[in-house]
1. Calculate the dipole size of segment 173-273 relative to its Cα centre from +1 charges on Lys and Arg beta carbons and -1 charges on Asp and Glu beta carbons; express the result in debye to the nearest 20.
2. Not counting ligands, DNA or RNA, and with a 1.4 Å probe, what is residue 153's accessible surface area in Å² rounded to the nearest 10?
3. Could you work out the relative contact order of segment 100-309, using alpha carbon pairs under 8 angstrom and six or more residues apart, expressed as a whole percent?
4. Could you please put 206, 201 in sequence from largest to smallest accessible area, using a 1.4 Å probe?
5. To the nearest 20 debye, what charge dipole does segment 100-309 have about its Cα centre, counting +1 at the Cβ of each Lys and Arg and -1 at the Cβ of each Asp and Glu?
6. If the chain between residue 280 and residue 214 were fully stretched, how many nm would it gain, using 0.36 nm times the residue separation less the Cα-Cα distance?
7. On full extension of the chain, what length is gained from residue 158 through residue 181, given 0.36 nm per residue of separation minus the C-alpha to C-alpha distance?
8. How large is the convex hull of the Cα atoms of segment 100-309 per residue, expressed in Å³ as a whole number?
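The values are calculated or read from the model by the stated rules, or taken from the named source; none is laboratory data. Every value quoted in this text rests on a predicted model; they were computed, and no experiment measured them. Virtual Cβ from ideal backbone geometry, glycine too; neighbours counted across all protein chains shown. Keep in mind that these areas ignore ligands, DNA and RNA; they rest on the heavy atoms of the full protein, side chains included. Shrake-Rupley method; radii C 1.70, N 1.55, O 1.52, S 1.80 Å.
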Amino acid sequence: MTEATQDTSFDYTLDERQRSMLDAMGIKMWLPEPEAEAAPQVAAQAPLQAVSTENSEQKQPIAGMNTAQPAIEKIAPISSTAVPMPASIALAPRPSGIEQMDWPTLQSTVSGCQACSLCASRKNTVFGVGQAPADNTQTPQVDWLIIGEAPGENEDIQGEPFVGQAGKLLDNMLAAMKLGINGAGLTRSQGVYIANVLKCRPPANRNPSLEEVAMCEPYLARQIELLRPKIILAMGKFAILSLTGSNDPVGKLRGRVHTLKHASYQAPVIVTYHPAYLLRNLPDKAKAWADLLLAMQTYRELQAGDSSAV
Ligand code: SF4
């Protein structure tokens with residue numbers, strides 16, 4: 001990684017395009033406050049260089065959106081205690097050779113997995129959704145990978161991640177990222193793949209245990225190896241834990257570029273709040289917006305690096 005020195009602090013003066021992006025995220029007011037402090041700084045180093053800002057208590061840059069104090073992020077402690085296994089469920093060892101599987105084999109393996117207790121209560125496994133594969137490897141070819149935490153009730157029923165209100169917000173966030181052809185926003189079927197760390201729903205949407213996360217992680221690791229995304233957006237506590245290894249709160253980790261912890265493939269990881277959290281904590285949409293700006297800037301720098309290397 002090389003270090004760069006340019007100042008990449010955000011300018012919160014908005015042009016028409018940025019206003020439309022905010023509108024797509026559901027943020028209706030966007031008036032700069034003269035006294036507002038800078039938003040979280042983009043990594044002032046090279047795109048993959050992690051730069052700590054540790055400045056998660058900055059003033060809300062959006063005037064008129066909400067004058068109340070931003071909600072404190074509520075994060076339940078991660079349980080390291082094994083979850084009791086229903087007596088009637090027989091587990092089967094997680095299949096071997098995941099690191100060699102192709103996309104279709106991986107998908108079918110997940111659909112039959114009984115390696116942890118979450119298989120007992122699931123209706124469907126939730127492998128992921130995104131751009132259709134275009135070649136005979138049957139692996140989607142995407143630049144963006146969005147990782148959430150675990151399926152909820154609707155996802156479990158439909159077998160697809162990010163459906164319902166949280167899914168709509170994610171779609172709006174993607175639409176606000178004007179990186180497509182002719183400045184079009186991203187969509188879940190174009191240049192993007194969306195998955196969760198956990199492929200099965202924890203009962204009653206409880207937090208997964210560390211053992212369940214660890215048991216399911218090889219599937220996500222193989223998805224990443226096959227997809228080879230240019231950039232990863234980690235949404236929520238467990239996605240961040242799985243991708244970066246950090247157990248710190250989202251608010252402490254956001255605002256900088258992280259590096260994927262998996263040894264076999266490297267990609268920048270931008271962390272942000274889970275859309276379900278944003279639905280409950282509307283003022284933090286502005287922080288998510290700043291995170292998307294960081295992600296887009298990082299992606300553009302990667303693209304610029306790619307083109308200059310040709
Ligand atoms: S959560 Fe993952 S490890 Fe557990 S049963 Fe589902 S696919 Fe298998």
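1. On the way: 13 positive and 5 negative charges, 57 e Å.
Result for segment 173-273 is approximately 280 debye, rounded to the nearest 20.
2. 100 Å²
3. On the way: 365 pairs, mean separation 45.3, N = 210.
Averaging sequence separation for qualifying contacts and normalising by length gives 22 percent for segment 100-309.
4. Working: 206 65, 201 45 Å².
Output order, biggest surface exposure first: 206, 201.
5. Working: 20 positive and 18 negative charges, 97 e Å.
Its charge dipole is roughly 460 debye.
6. Values: separation 66, 0.36 × 66 = 23.76 nm, distance 2.81 nm.
In short, 21.0 nm is gained.
7. Working: separation 23, 0.36 × 23 = 8.28 nm, distance 2.98 nm.
Length gained, residue 158 through residue 181: 5.3 nm.
8. On the way: hull volume 25.7 nm³, N = 210.
Spelled out: Cα convex hull of segment 100-309, divided by residues, is 123 Å³.
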